[in-house]
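The values are calculated or read from the model by the stated rules, or taken from the named source; none is laboratory data. Quick caveat: nothing in here was measured; it's all calculated off a predicted structure. All Cβ positions, even for glycine, are placed from backbone atoms using ideal geometry, and neighbour counts span all protein chains on display. Keep in mind that these areas ignore ligands, DNA and RNA; they rest on the heavy atoms of the full protein, side chains included. Shrake-Rupley method; radii C 1.70, N 1.55, O 1.52, S 1.80 Å.
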Amino acid sequence: MKQIFAIVFVLGISLTHAQPGGGGGMGGMQQGGGMGQRGGMQQQQVEMPEFNAAQVAGIFKYDADEAIKKIKIKKDKNLIQNVSRAIRTYNIKMDEIALLNKDNFDTLNVYVNTTLKSKRGQKGSQQTASNNDSRRGSDDKNNDPKELINAKIDPAKAEVTKQEQQLNKTLEALLNKKQYAKWIKYQEKVKEEKQPKTPSNATQDGQRGGGMGGPPGGGMR
């Protein structure tokens, strides 16, 4: 008899503790759904990348030693030196472009990242977002972050493209077809790895999906 009472008592406790999670009805489902959404948004906000104007402009440097290994240049010291010199020259140009555009990039980084943090902190308040955008727009004469990004980054991006074309032209003259094909493959791989997510695209995806996250995006196009 005591064993029967003990079993009934344990089952009663188990059912009582199981009720809020699995048997709470619509209220429990709504509460769970709300917690899931809040948790998802918090996770997405944490994962939101910080905007970096230099990365969006495509400013990065190649590792000359790694590139030479990928191209598989063997026992040709003169060729190795020439390829290394071409890549180092490109890297120096990237430093120069970054330096020339530093003020623009710094201003843009502060503006975009502040805008994104403000939007995340508003918790869906469209009126506050409108007021903040209006105040910033009076300073930048442009309320569209994407257009502002393009205006400040496009000149630097054009110079990066010019230097990339020059680098490829130089390497094409130095390498044979097989080696040059390996360089292009390596270049595309590095560019893909360096290509950032854009906050403007992530913001739009988040607004459509109810959060600030969204799928990974490419660079500015």
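So that you can scan it fast, the table gives a plain yes or no per residue for (1) closer than 23 Å to residue 49 by Cα; (2) in contact with an Asp or Glu (Cβ under 9 Å, 6 or more places away or on another chain); (3) modelled with pLDDT under 85:
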{"site": "70", "(1), (2), (3)": "no, no, no"}
{"site": "105", "(1), (2), (3)": "yes, no, no"}
{"site": "114", "(1), (2), (3)": "yes, no, no"}
{"site": "134", "(1), (2), (3)": "no, no, yes"}
{"site": "146", "(1), (2), (3)": "yes, no, yes"}
{"site": "156", "(1), (2), (3)": "yes, no, no"}
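Considering only residues that are of a type in the set (Val, Ile, Thr) and part of a helix (DSSP H, G or I), look in the stretch 53-91 and name the one that is surrounded by the most Cβ atoms within 10 Å (Cβ to Cβ).
Ranking the qualifying residues of the stretch 53-91, first place goes to 56.
Quick one: would you say residue 148 is buried (at least 17 other Cβ atoms within 10 Å of the Cβ) and either more than 24 Å from the chain's Cα centre (by Cα) or more than 24 Å from residue 96 (Cα to Cα) (or both)?
no
Please tell me if residue 175 is at pLDDT 95 or above, open to solvent by less than 40 Å² (accessible area, probe 1.4 Å) and more than 20 Å from residue 94 (Cβ to Cβ).
So residue 175 passes the test.
Under 6 Å by Cβ, and 6 or more places apart or on different chains, what pairs join a residue from the stretch 157-170 that is without any contact (Cβ under 8 Å) to a residue 24 or more places away in the chain with one that is in a helix (DSSP H, G or I)?
Qualifying pairs under 6 Å: none.
Considering only residues of the stretch 92-118 that are surrounded by fewer than 16 Cβ atoms within 10 Å (Cβ to Cβ) and more than 19 Å from the chain's Cα centre (by Cα), which is farthest from residue 180 (Cα to Cα)?
103
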